[in-house]
Number of protein chains: 2
Amino acid sequence: MIKCAKCRQIDFVQKSGIVRGKQRYFCKACDYHFTLPEVVENRKNKPRHQVTIIDIANELGISKSTVSRALRGHTDIHEGTRKMILDLAQQLEYQPNPLANALLKSRTNIVGILVPEFRHYFFPTVIMGAQEILSKAGYNVMICQSDESYETEVANVKALMNSRVDGLLVSVTTQTNNVDHFRTVLRKEVPLVFFNRVCPELDTPQVIVDDYAGAFQAVEHLIQQGYRRIAHLAGPVSLLVSRLRMKGYLDALQKHGLPVDNELIIHYDLTEEKARIYANYLLSLAQPPDAIFAINDPTAIEIMLVAKSRGVKIPQELGIVGFSNDPISAIIEPPLTTVEQPVWEMGRQAARILLEQMENPHIETYQLPTRLVVRGSSVNC
Amino acid sequence: MIKCAKCRQIDFVQKSGIVRGKQRYFCKACDYHFTLPEVVENRKNKPRHQVTIIDIANELGISKSTVSRALRGHTDIHEGTRKMILDLAQQLEYQPNPLANALLKSRTNIVGILVPEFRHYFFPTVIMGAQEILSKAGYNVMICQSDESYETEVANVKALMNSRVDGLLVSVTTQTNNVDHFRTVLRKEVPLVFFNRVCPELDTPQVIVDDYAGAFQAVEHLIQQGYRRIAHLAGPVSLLVSRLRMKGYLDALQKHGLPVDNELIIHYDLTEEKARIYANYLLSLAQPPDAIFAINDPTAIEIMLVAKSRGVKIPQELGIVGFSNDPISAIIEPPLTTVEQPVWEMGRQAARILLEQMENPHIETYQLPTRLVVRGSSVNC
DNA sequence: ACCAGTTTCGGGAAAGTTCCCGATAGTTTT
DNA sequence: AAAACTATCGGGAACTTTCCCGAAACTGGT
C-alpha cells in the first residue's frame, strides 16, 4: 500500500517507528528510511518579500552577479545591460538589504551613543550635533541612556557591542569607576570616543571643553563682584570635569587671596534631590556662603529654587553661577550667570573624530573653548 | 615552460590573452583555460574574527546544528552534550551574531522612533518611556528627528525602513500634509504607531491625550478667573492636536457666552521666532487680549518673555495658560498654569501598543487623561 | 584561419544562523 | 526477534549580498 520513495516498490515497505509525530517507513529492498511528504498547503506565511537582486536577475534572465555589478557601479558591465537593470530596479523599488551586506562585511553602519540621561538640555543637544555629522556620512545612530547607573552602562555597552555597532560615542555615569567594559570595546577594536565625561585612564580620543578656564573665570567673576565666601557645589570626584572645574575654583580663590573653606566644598551625585539637600545645607550654615559656583546649570537652578523658597535674595544675598548655558538659564528669574560651552559643536566634533577613528585609529583630544555669560544672578550692584 | 593546471603537461600550453592584467594560458590537450595562481602573502586583513557556532562545533567535533540546538535551548539534545557546549560557549565568550539572525528571520529587533525634535522636555521624555518598555522586550531603538521638515521626515522614514526596523513610533511634523510615506510603511506591513501628533487619515493605532478636555478646562479656568478677552496661540491646522485644543477653546468660550474674535486666534508653526512675533502682535492690538491660551508650554513661555519685555504684568494684565506641564513651567516667574499630560506614560503606552501590533495587528486608539495645574500665571486675584 | 587581447557575463563561495528532515543507535513492545 | 518507538545528531537549504575568477563572446591583426 505504501510505495518506497526510492524504488517505487510496494512489497518491501514496512513501518519503522515514528519521527516527530509522523509515521516512518523502511524499504527492505533498497535499505531506505522515509516518511510520507506532507501535502503543502497554502504557503501564505511568507508575508513581505522584499525585492532582491535575484528577483531582478530572474526577471531579466541574467545572473545576480551582473545585477550586483550594475547596482554597485562596477566597470565590468555593458552599458545597455546596466541601464536595463537600473531601470528595472527603480521600477520594482529595489532596496538593497543592509543586513546581508552587514553580515558579509561585518559593518552595520550604525554607531552607538551612550549618555547618562537626556532629560536636560545638554545631552540631547550633543546628540543632535553628532547626528548631523553621522547621518551625513551615512550612519544611523542607536541611542542608549545609562540613567547614571554603572550596571546599566555596562549592560548598554554590551547590548550595543552585540548589535555590532561600528563605533561608540560615550559620556560615562557619575558612578563609573571601573572601566573594564570599555577595555573590552577597545580590545575588539571598535572605535570609541568619549565626550564631556571622559575616561582619562583610557587611551582614547576625547572631546571636552576648557573646564578649568571656564570655572576659573566664573569664580573670578564672583570675586570681582564682591563676593567673598564662595561655595562650590561640585560633581563627583570620579568625573574629570568635576576635578577640573574644582581646580579652576580653587585657583581663582588662591589668586585673589581668598581662603579655601572645606565646609563650602561639596561633591554630590548630580541628582535633583541631593542638589536641594546640599543647597539647603549650605544656606543653613552658621556662616553661609555669599555665593555659590555650581557644577552645571541644573544644579545652579536647584540652588536658586531653594534660595528663593528660603527667602534668600539673589544676587544681593547670594550670587550664583552655573555652567553650560542651558536655555532655561536665560529665562529664569533672575537670569543665571553661567559658563557657555559649545554643546552642539561638541557633538559634531565627537562624531568627526569617531569617523576619522574608523579610517585611521589615532588618539586625539579636542578641546572646545568656554565663555562666561554674565547675567543677573551674580551682579551684586 | 608552463604546466597545464589540469593535466600537468607542458607541451600543449599556449598563451591565451590577458585577464585583469594577468597572463592567461590555454591547454590544447585538455581544452582548459587557466591563469597562474598568485602567491598568497600574509593574510592579515581579517582583523577581528568573532567566535561563531562553527568554531564551537569544530572544537568539540560536533555539528553546528547541535551547537545551535544547545544554545537555543532545544529539546532534541543530550544533557551532557548541551552542558559541554554551554560551558565552551561561555569560556570562549561566544556572542550570537544578530546580523545573521536578522538576515534569516527578516527581523532586526530594532524599532525606529521618529520625532520632530528633542530639544524640549516633551519628546525626550516620551522616548524614555518608550525605551523603558522596548528594551525590556529585547528591542533596541533607533531615534531620528525630522526637525519639523517634511522632506527630512520622508527621508528618515525611508532610512529607517531601509534599516529594516521591526516597527515604527512616529510623531509627525507641522508640515506633514501628505502621508504617502506612511502608506508605504503600512503596505510593507511594518507596525506603525503614532503618538501625540497623529495621522487620523490613516488606519493606525494612536496614543493621544484628551486634548479637547484639557483645552476646555484651561480656557474655562481663565474665564472663571475673570478674564474675558482670551486669545489662542494655536498650532498649525494640519495637526489634529491643534484642532482638538482649538475646539476645546471655542467650546469653553461658547459655554460661557463669550464671543469668538478671529483676531485673537492665530495658527502658527511652533517655531520660537514666530511665537515671539505673534505674541508681540497680539499685545499690540488696539484691543489686546487679557489672557492667552497657548498650544503648549514652550509657546506659553515665549509669550511670557515677550509680555515681560513689554512691561505687561502677569497675571494682572495678562493671564497665560500652557499645555504639557514641562518642568520649566514650575520654575519660571510667575509659575505657569498648564495642562498636565502623562508624557512618560505616553511613551510606555505607545511602545506597548507597538509590541502588541507585532503579535497581532489591530487598530487601537489609546487616550490618556489630562489635568489642569493652576499656578501663578493665571490667578487674577 | 589563427592568435592575442578585450569586454561582458555567470558560477559559486563566503558571511553566521536557524530549521527542516533524514539518519543512526539504542530501547521497549509484541 | 521482529517491529515500533525514542533520543540524539548531522547535512544542507535558506536568508541576501559582494567578490573572485573562470568562461564565453567579441575585436582586430596577421
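Hey, which of the helices (runs of 4 or more DSSP H) in segment B:287-381, taking only ones fully inside, have at least 1 residues that are outside the structural domain of B:ALA275 (by TED's automatic domain parsing) and within 22 Å of the chain's Cα centre (by Cα)?
In segment B:287-381, B:343-359 are the helices (runs of 4 or more DSSP H) which contain 1 or more residues that are outside the structural domain of B:ALA275 (by TED's automatic domain parsing) and within 22 Å of the chain's Cα centre (by Cα).
So, in segment B:310-328, how many residues would count as being over 23 Å from B:LEU240 (Cβ atoms) and within 12 Å of chain A (Cβ to nearest Cβ)?
3
Could you say whether any residue in segment A:138-146 is within 12 Å of chain B (Cβ to nearest Cβ), outside any loop (DSSP other than H, G, I, E, B), open to solvent by 10 Å² or more (accessible area, probe 1.4 Å) and small (Gly, Ala, Ser)?
no
From (1) at pLDDT 95 or above; (2) in contact with a helix residue (DSSP H, G or I) (Cβ under 9 Å, 6 or more places away or on another chain), pick out the condition that doesn't hold for A:CYS144.
Against the list (1) at pLDDT 95 or above; (2) in contact with a helix residue (DSSP H, G or I) (Cβ under 9 Å, 6 or more places away or on another chain), A:CYS144 comes up short only on (1).
Only one residue in B:ARG228, B:ARG197 is under 22 Å from B:ASP269 (Cα atoms) and touching a Leu at 6+ places or on another chain (Cβ under 9 Å). Which one?
Testing whether each residue is under 22 Å from B:ASP269 (Cα atoms) and touching a Leu at 6+ places or on another chain (Cβ under 9 Å) leaves just B:ARG197.
Spot the failing condition for A:THR176; the list is (1) under 20 Å from B:GLN95 (Cα atoms); (2) within 16 Å of the chain's Cα centre (by Cα), and only one is missed.
(1)
State all residues of segment B:157-170 that are facing chain A (nearest Cβ under 9 Å) and outside any loop (DSSP other than H, G, I, E, B); if no residue qualifies, say none.
B:LYS158, B:ALA159, B:LEU160, B:MET161, B:ASN162, listed by residue number.
For B:GLU132, are the conditions met, namely being assigned to a loop (DSSP other than H, G, I, E, B), out of contact with any Asp or Glu (no Cβ under 6 Å at 6 or more places or on another chain) and acidic (Asp, Glu)?
Working: assigned to a loop (DSSP other than H, G, I, E, B): no; out of contact with any Asp or Glu (no Cβ under 6 Å at 6 or more places or on another chain): yes; acidic (Asp, Glu): yes.
Judged against the criteria, B:GLU132 is not a match.
For A:VAL172, all conditions in the list (1) buried (at least 24 other Cβ atoms within 10 Å of the Cβ); (2) farther than 29 Å from A:VAL237 by Cβ hold save one; what is the number of the exception?
Result: A:VAL172 fails condition (2) only.
Got a number for residues in segment B:343-363 being farther than 22 Å from B:ARG107 by Cβ and of a type in the set (Asp, Glu)?
Looking only at that region, the number is 1.
Tell me, yes or no, whether segment B:284-291 has at least one residue that is within 12 Å of chain A (Cβ to nearest Cβ) and either in contact (Cβ under 8 Å) with a residue 60 or more places away in the chain or closer than 18 Å to B:THR370 by Cα (or both).
No, segment B:284-291 contains no residue that is within 12 Å of chain A (Cβ to nearest Cβ) and either in contact (Cβ under 8 Å) with a residue 60 or more places away in the chain or closer than 18 Å to B:THR370 by Cα (or both).
Working carefully through the options B:ASN58, B:ASN101, find the one that is more than 9 Å from DNA strand D (Cβ to nearest atom) and not small (Gly, Ala, Ser). Don't jump to the end; show me each part of the working.
Working: B:ASN101 fails: more than 9 Å from DNA strand D (Cβ to nearest atom).
Exactly one residue qualifies, and that residue is B:ASN58.
In the list A:THR125, A:THR75, A:THR108, which residue meets the criterion of being more than 10 Å from chain B (Cβ to nearest Cβ) and of a type in the set (Val, Ile, Thr)?
Being more than 10 Å from chain B (Cβ to nearest Cβ) and of a type in the set (Val, Ile, Thr) holds for just one of A:THR125, A:THR75, A:THR108, which is A:THR75.
I'd like the full set of residues that are open to solvent by 20 Å² or more (accessible area, probe 1.4 Å) and among the hydrophobic types (A, V, I, L, M, F, W, C), limited to segment B:209-243.
Of everything in segment B:209-243, those that are open to solvent by 20 Å² or more (accessible area, probe 1.4 Å) and among the hydrophobic types (A, V, I, L, M, F, W, C) turn out to be B:ALA213, B:PHE216, B:VAL237, B:LEU240.
Would you pick out the residues in segment A:301-320 that are touching a residue at least 40 places away in the same chain (Cβ under 8 Å) and exposed (fewer than 15 other Cβ atoms within 10 Å of the Cβ)?
The one that is touching a residue at least 40 places away in the same chain (Cβ under 8 Å) and exposed (fewer than 15 other Cβ atoms within 10 Å of the Cβ): A:GLN316.
Could you please find all residues in segment A:81-113 being within 9 Å of DNA strand C (Cβ to nearest atom), among the polar types (S, T, N, Q) and free of Cβ contacts under 8 Å to residues at least 40 places away in the same chain?
Matches in segment A:81-113: A:THR81, A:ASN101.
Check whether at least one residue in segment A:90-99 is facing another protein chain (nearest Cβ under 8 Å), surrounded by 17 or more Cβ atoms within 10 Å (Cβ to Cβ) and either within 15 Å of the chain's Cα centre (by Cα) or assigned to a helix (DSSP H, G or I) (or both), and report yes or no.
So far as segment A:90-99 goes, yes, one or more of its residues are facing another protein chain (nearest Cβ under 8 Å), surrounded by 17 or more Cβ atoms within 10 Å (Cβ to Cβ) and either within 15 Å of the chain's Cα centre (by Cα) or assigned to a helix (DSSP H, G or I) (or both).
So, in segment A:63-80, of the ones that are farther than 20 Å from A:ASN97 by Cα and open to solvent by less than 100 Å² (accessible area, probe 1.4 Å), which residue ends up farthest from DNA strand C (Cβ to nearest atom)?
The first filter runs over segment A:63-80 and keeps only residues farther than 20 Å from A:ASN97 by Cα, leaving A:75-80.
Next, from what is left, pick out any that are open to solvent by less than 100 Å² (accessible area, probe 1.4 Å): A:76-77, A:80.
Values: A:ASP76: 4, A:ILE77: 4, A:GLY80: 7 Å.
It comes out as A:GLY80.
Give me a count of the residues in segment B:111-122 that are more than 10 Å from chain A (Cβ to nearest Cβ) and closer than 27 Å to B:PHE323 by Cβ.
The number of residues fulfilling the criteria is 4.
The values are calculated or read from the model by the stated rules, or taken from the named source; none is laboratory data. The structure presented is a predicted model; accordingly, all values stated were derived computationally and were not measured. In this analysis, Cβ positions are derived from the backbone assuming ideal geometry, glycine residues included, and neighbour counts consider all displayed protein chains. Heads up: the accessible areas ignore ligands, DNA and RNA and are worked out on the full protein's heavy atoms, side chains in. Shrake-Rupley method; radii C 1.70, N 1.55, O 1.52, S 1.80 Å.
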